[in-house]
Each structure stands twice: as C-alpha cells, then as structure tokens.
Amino acid sequence: MEDKLEILKDYIKKELVKMTDSKFFMQEEFKVKSEIERLVVQAIKENRKISLTHNEREKLMSELIDDILGLGPIERLLADPSVWEIMVNDPKQVYVERDGKLELTDITFIDEDHLLYVIEKILSPLGRRVTEFEPYVDARLRDGSRVNVIRSPIALKGPVLTIRKFSRRLLKVDDLIDFGTLDKYIAGFLEACVRSHLNILISGGTSSGKTTTLNILSSFIPTDERIITIEDTAELQLPHRHKVCLETRPPNIEGKGEITIRDLVKNVLHMRPDRLIIGEVRGAETLDMLQAMNIGQEGSMTTLHANSAFDALLRLETMSLMSAGENISTEVVKRQIISGIDLIIQQVRFFDGSRWIMSITEILKSKETEYQLQDIFVLEKTYDISGKIQAGIKFTGKIPSFYNRLKEETGFSWDIFENK
C-alpha cells in the first residue's frame, strides 16, 4: 500500500506544481482543499492501473492536503522543536541541525521544480521572489525564522534553501548558568559592564551563539533607556518596551530602493538613542558605528565574525579602511577602535555542537595606536572518559582597568578583584 500511495502522491504533486501558482494558495483554506480533492479524483481516474481502497484514498487525501497546504517535505521539520536549522542542498539532500550537530535526513523533494515550488510558497507571502536575474534572497518569515534562497546561475546544482528557525523561547542568563557557560559571578560582572555603558563586541564563528549572547546582554539594559536595534534580518528578541527595531531593505528588481545598515546607523544618530545595538557589522557601516561610539553612544553592542579577539580588531580595522578609502589613515582607525571598544566576548562552537564563551577580553587604552588586549576570563577545556568536552570559564588574575567604574556606577564588587 505504501508504494502505491507514494507513487500516486508523487504524480499528483507534479500535476499540482504544473497547474497551480502562488495565488492559488491565497484562497480560503476550504476552497484550496476542495480543489486539491478534485485534482486527486482526476489523478486517480487517469492512473487506472492503481486502485485504492476507501481507507487508502482517505489516507492519501489527508497526507496530500497536509503536504500541499504546508511546505511540503520540510513541513514536519519546521514543526519539530529539536530542529534549529534546515539546509536543503538540492532536491535529494536535506540536512538539519539538532543540538549543534548536522545530520542528513531521509527527506527529499520530487525534483528541482518541486523545490522551486516550495520556495515560491515561502517567498510569495513576503512579497519576495528569486529568479535568474535576482538569484538570491535573504528574508524573514512571519514567525521570525530567517530564510535564505540562492539558485542558478549562482548555485551550480540548483536551488539551495536555508531556514534558521526562530526560537519562541528566549534564553535567559539563568539558562547559560545552567548550561555551565557562565557562573553567577561572571554573569553579574557582564551585567555590571552593560549597566555601566561599556561598548561591547561579541565575536565568533558561524553558529557560535553570538546572537544569543547579544540578546542576553541586551536584557541587562535598564528599562528606562531608549534602545534602537539595526539588523539585516530581525533576530533580536528584546523584552524592553522602549525600543525601535530597524531592518535593512534590499534593492528592487531595478536595483533601486536599497537601505543599508550604514544608512540606518547614520539616521539613528537623529533618533536620540540611549543604546545602539547592531545585529552584525560586516562592511561600510563599521566606521560609522565606531564614530558613534566615540561621540556619545556609549553602551553600544554588536557582533562580528572572527576567530579570536585580536582577529576581531583586525577585521574592524580592515572594514573601516575599506569603507573610508584614502580619506583616513590606519592610525586614526586604530585610535577609533581602541577608544570605542571596551570589551570583546569571544564565542566558540566545538565539534560536538556545544557553544561556549571562549574569552572575555578588555582592550587597554594605554596606547592610542597599538592594540593591547587583557584576558579577564578564559575557557579551560578538558575531556571526560567518553571524550565529551568538559569546560568552564576561569578568572585569569587580571583585574579590568574599569573595575572602579563598575563599583561607582553599579555598586558591583567581587572578592577575586578586591583581593588582588
């Protein structure tokens, strides 16, 4: 029976892909179901070699309606809370990320047309599309999940679909303490840093937990402050009421109308922010952010991709120089970075999928054009008998130069700092 149902389902799906478009699914649900039932009856008549019992027919109808009204083969992955990310490399290869680890699923699409059909269903309600002339798109689904699509001629093996699911449960600092990523004393230290308006950079590799940490640090901001966030695709989940969330806009099909992070950073300075939070810096906006930090926007936070705290500073420098061209010297950019950034939190994702804070590092201000870093906390990693990573972040013995500022402005104190 299963073989018969699968053969017929594949046939009907192909026919539906040919006969329907995105407007078909904008109708009321009962009309969509009625039309699908009509197509199923027609398909059964055209495939006389396949006969179905009443129960088989009802099962086919139920599965097909669920499949068509949803997002086809990946519908159950979207509903699975253990799946963090869905990666469709081609119609016959679908990976997911569970608990930080990648695994190949048994889910497949019929062919490339079927995958493009599902992609169109995802993008159409968002007013977006992907074509050979506009072959990639980055968008946000209604539930907050982030979707990226890239197709030919850029993707050589056909359409590639990536969905980073939106977490409905916002992790809190207590969760990181329970995971062992932090202890309550280091959490208190970071809270004091945020409340004292230190400028904080969160650095790390892809999927290392940068946005999660940024969310948690942002939760320490006092509720009476005005927060403005800037992101390419909105992912931050701040509990504050007094916040303004801004999102970039890609160019239209004529190449017009683009609004970049740099455009928004420039505009934000006229919006009276107490805090400026940028989801990620990766280009020309870097210099504008540094200048904002140096002219009164203290307490700003952002993330960037880098493998170490020192590499993060080099990336900031490179991106700033690229955006400024010949109008600014390396020494001036270094001075802006050293003066603007106070603390770097380095994230890491290990081979077992676990995410950790690798180091919490201060940028010393003693030299204006030479980077001097001081690790305050670093991760110590060991392995148990089974090979599982056992780690914990430890104090290095170096007291941050801004410790007195924390005491004066927040009342924070810690014996390990006092006894040094």
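The values are calculated or read from the model by the stated rules, or taken from the named source; none is laboratory data. Please read these numbers as outputs of a predicted model, since none were measured by experiment. Neighbour counts run over all protein chains shown; Cβ positions are idealised from the backbone, glycine included.
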Next item on the list: Might you let me know whether the stretch 174-188 holds any residue that is touching a strand residue (DSSP E or B) at 6+ places or on another chain (Cβ under 9 Å), outside any helix (DSSP H, G or I) and buried (at least 18 other Cβ atoms within 10 Å of the Cβ)?
Entry: yes
Notebook entry, point to check: If we scan the stretch 310-322, do we find a residue that is modelled with pLDDT of 95 or more, among the hydrophobic types (A, V, I, L, M, F, W, C), touching a Lys or Arg at 6+ places or on another chain (Cβ under 9 Å) and surrounded by 15 or more Cβ atoms within 10 Å (Cβ to Cβ)?
Noted result: yes
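Confirm whether GLY397 is at pLDDT below 90 and either assigned to a loop (DSSP other than H, G, I, E, B) or closer than 13 Å to PHE189 by Cβ (or both). Before the answer, list the steps.
Numbers: at pLDDT below 90: no; either assigned to a loop (DSSP other than H, G, I, E, B) or closer than 13 Å to PHE189 by Cβ (or both): yes.
In short, no.
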Note to self: Suppose the filter is surrounded by 17 or more Cβ atoms within 10 Å (Cβ to Cβ), at pLDDT 70 or above, of a type outside the set (Asp, Glu) and under 38 Å from the mean Cα position of the chain (by Cα); does ILE44 pass it?
What the structure shows: no
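Here is a yes/no grid of residues against (1) at pLDDT 90 or above; (2) within 18 Å of ALA292 (Cα to Cα); (3) of a type in the set (D, E, K, R):
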| site | (1), (2), (3) |
| --- | --- |
| THR213 | yes, no, no |
| SER219 | yes, no, no |
| ILE230 | yes, yes, no |
| THR233 | no, no, no |
| PRO251 | no, no, no |
| GLU254 | no, no, yes |
| THR260 | yes, yes, no |
| ASP274 | yes, yes, yes |
Item checked: Neighbours by Cβ (under 9 Å, 6+ apart or cross-chain): first from the stretch 283-312, in the same structural domain as SER218 (by TED's automatic domain parsing); second of a type in the set (Phe, Trp, Tyr) and part of a strand (DSSP E or B) -> none
Note to self: Conditions first: (1) over 21 Å from the mean Cα position of the chain (by Cα); (2) among the hydroxyl-bearing types (Ser, Thr, Tyr); (3) surrounded by 14 or more Cβ atoms within 10 Å (Cβ to Cβ). THR229 passes all but one, so which condition is the exception?
What the structure shows: (1)
Item checked: The lone exception for VAL281 - which of (1) touching a Gly at 6+ places or on another chain (Cβ under 9 Å); (2) crowded, with 23+ Cβ neighbours inside 10 Å; (3) part of a loop (DSSP other than H, G, I, E, B) it fails -> (1)
Check: Within the stretch 373-383, can one find any residue that is outside any strand (DSSP E or B) and either modelled with pLDDT of 90 or more or assigned by TED's automatic domain parsing to the domain that holds ILE202 (or both)?
Finding: no
Next item on the list: Under 7 Å between Cβ atoms, at least 6 apart or on separate chains: pull out the pairs that start in the stretch 401-420 with a residue that is over 16 Å from PRO222 (Cβ atoms) and end on any residue that is among the acidic types (Asp, Glu).
Entry: SER401/GLU362; PHE402/ASP342
Next item on the list: Being within 19 Å of the chain's Cα centre (by Cα) and surrounded by fewer than 19 Cβ atoms within 10 Å (Cβ to Cβ) narrows it down to one of ILE202, ILE150, so name that one.
Entry: ILE150
Item checked: Of residues in the stretch 227-268 being in contact (Cβ under 8 Å) with a residue 24 or more places away in the chain and assigned to a helix (DSSP H, G or I), the one nearest to PRO135 (Cα to Cα) -> ILE261
